[in-house]
Amino acid sequence: KPVVALIGRPNVGKSTIFNQMTKTRQALVADLSGLTRDRQYGDATYNNKSFVVIDTGGIGEADDGRGGIDDYMSAQSHTAIHEADIIVFVVDARAGMIGADAEIGKMLHTLGKPVYLVANKIDGVHDAAPAEFYALGLGEPYPMTASHGRGIANLLDDLTEDMPEDVEEEQQDGLKLAIIGRPNVGKSTLVNRMLGEDRVVVYDMPGTTRDSIYIPYERNGKSYVLIDTAGVRRRGRIDEKVEKFSVIKTLQAIKDSNVVVAVIDAQEGIVDQDLHMLGYALDAGRAIVVAINKWDGLSEDQKNLIRFELDRRFSFIPYVKVHFISALHGTNVGNLYPSIHKAYESSMFKVSTSRLTQILEDAVAANPPPMSGGRRIKLRYAHLGGHNPPIIVIHGNQTGSLPKSYQRYLENEFRKVFKLEGTPLRVEFKLNT
Ligand code: GDP
């Protein structure tokens, strides 16, 4: 997401603009200097375009309008300016142009980033007042009365013009479930079981060995699309099918799905190919539910052996739910659904930038990142970068030096807080200089 930083002297109305953009009332706004927190991150959406807004507490805390730039450029503002793709420079039309504005303007010129100049508080000043800000060389100021929400839309129209539109992620035709597994593990039997005893499968196409079959169905008022990689036909004709195992077909089904149901044959035990398949699903970032099939007719010893193997070989995906089922008898098949839904919801979870940043700050406070080259690695803020798989993007400096163990620590913290189950979670790092 593009990052927009609000820059300007204290009390020019940055927090009010922040609130208007993010449509929250979180930040306390009053006509007093230095009231807002140092820095605040929020999500904004305008015309179906999303971006992150950073509100800086203000440049020039000791602001008499005459100091040099270093006197009133706080470290916070510096950071925000460097993190931003776009700068919104806010000036106060009532106060008129003062020395500090000129200094900030000069500095902004050197950045090579797009700068939008906003003349706020134009209510009650005469029409020509904003004109003096032309001298900043930043073009015509956007006139604004942020406290009344006037002028915001104008600014946002231009600000967001070149931003990419958000892609629609709504599930139209139902939750897509890919049933994958080696030949003969019981995929067809499970598919028919899930579709229900009396259901006539109308999608009875011969299907090439390369193609999966997509079967829409409903259960308890919810819509699903089963992606059947076994190439199933009609109930009762299971024996007639000939399945050719195709990695490409499996990969395609995984890619098309929201949740993967990985079927494993308990009678055969967990074999390498089962793990490869799980690996494909994880690489694709898909949520996974594991079904250990043919649980009927196993001896206690065989069951214990499987449980032992699961502990040993599934330790890399502790968050994936495992069910012991019999597709043939229908035992525990219904129990797959709560896990499927939990995995799907986890893969699609939503959170605001400010909340995610708060969680990051808590995690960092509880267990600070190590030093690197004599400096402590700084993690500044986090935003959600995508769904299915969920991606958390963390901005900071020296993030390249962050040890794997610390990355895992953060991932586990996010997992805990959001109670993520069944889905891989990607934590990515973005370097801010
Ligand atoms: P697919 O190749 O993965 O689609 O596997 P099928 O569904 O065709 O099943 C292969 C064989 O395993 C068939 O003979 C099924 O009857 C049998 N089978 C499937 N599920 C179960 C189960 O839960 N228990 C037992 N005992 N046999 C099963």
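Taking R0 as 60 Å, what's the FRET efficiency between Asp296 and Arg355 from their Cβ-Cβ distance, rounded to 0.05?
Computed FRET efficiency for Asp296 and Arg355 comes out at 0.85.
Accessible area, 1.4 Å probe, largest first: how do Arg219, Arg9, Arg375 sort?
Descending order: Arg375, Arg219, Arg9.
Any chance you could look up the accessible area of Phe324 with a 1.4 Å probe, heavy atoms only, rounded to 10 Å²?
50 Å²
How much FRET efficiency would the formula 1/(1 + (r/R0)^6) give for Lys378 and Met348, where r is the Cβ-Cβ distance and R0 is 35 Å, rounded to 0.05?
Between Lys378 and Met348 the formula returns 0.70.
Label point 7 Å out from His78 along Cα-to-Cβ: which residues of the range 395-433 have amide N under 16 Å?
What the label zone holds, given the 16 Å backbone N cut-off, is 397-398, 432-433.
At 7 Å along the Cα-to-beta-carbon direction for both Leu310 and Ala365, put a label point, then send me their distance in nm to one decimal.
Label-label distance for Leu310 and Ala365, simple model: 3.9 nm.
Between Val247 and Arg94, what FRET efficiency follows from the Cβ-Cβ distance if R0 is 51 Å, with the result rounded to 0.05?
0.15
At what distance in angstrom do the alpha carbon centres of the range 78-139 and the range 377-423 lie from each other?
First find each Cα centre; the distance between them is then 35 Å.
List the relative contact order of the range 246-322 as a percent without decimals, with contacts defined as Cα pairs under 8 Å and 6+ residues apart.
Value for the range 246-322: 35 percent.
Between Asp256 and Arg150, how many nm apart are label points set 7 Å from Cα along the C-beta direction?
A separation of 5.6 nm, rounded to one decimal place.
On a full-extension model of 0.36 nm per residue, what is the gain between His387 and Lys303, subtracting their alpha-carbon distance, rounded to one decimal in nm?
Taking His387 through Lys303 to full extension adds about 26.6 nm, to one decimal.
If the chain between Ser405 and His109 were fully stretched, how many nm would it gain, using 0.36 nm times the residue separation less the Cα-Cα distance?
102.5 nm
Antiparallel as a % of all DSSP beta bridges within the range 353-431, to the nearest 5?
Rounded to the nearest five, the antiparallel share is 60 percent.
Ignoring ligands and nucleic acids, what accessible area does Ser405 show with a 1.4 Å probe (Å², nearest 10)?
Approximately 70 Å² for this residue.
For the range 289-406, which whole percent of the accessible surface, found with a 1.4 angstrom probe, sits on carbon and sulfur atoms?
Within the range 289-406, the accessible surface is 53 percent carbon and sulfur.
Modelled label-to-label distance, Arg219 and Asp173, 7 Å Cα→beta-carbon offset: nm?
Here the answer is 1.9 nm between the modelled labels.
Restricting to bridges with both residues inside the range 300-433, how much of the DSSP beta-bridge set is antiparallel, in percent to the nearest 5?
If I count the DSSP bridges inside the range 300-433, around 60 percent turn out antiparallel.
Can you grab the distance from the C-alpha centre of the range 255-327 to the C-alpha centre of the range 345-366, Å, no decimals?
30 Å
Within 10 Å, count the other beta carbons around each residue, average over each peptide in 415-421, 350-356, 49-55, and list them highest first.
Going from most to least packed, we get 49-55, 350-356, 415-421.
Expected output is a single nm value to one decimal: the length gained when fully extending between Asp158 and Asp127, i.e. 0.36 nm times separation in residues minus the C-alpha distance. What is it?
9.0 nm
The values are calculated or read from the model by the stated rules, or taken from the named source; none is laboratory data. Since we're looking at a predicted model, the values are computed, not measured. With ideal geometry, Cβ positions are generated from the backbone for all residues, glycine too; neighbour counts draw on all protein chains shown. We work out accessible area using only protein heavy atoms, side chains counted, and drop any ligands, DNA or RNA first. Shrake-Rupley method; radii C 1.70, N 1.55, O 1.52, S 1.80 Å.
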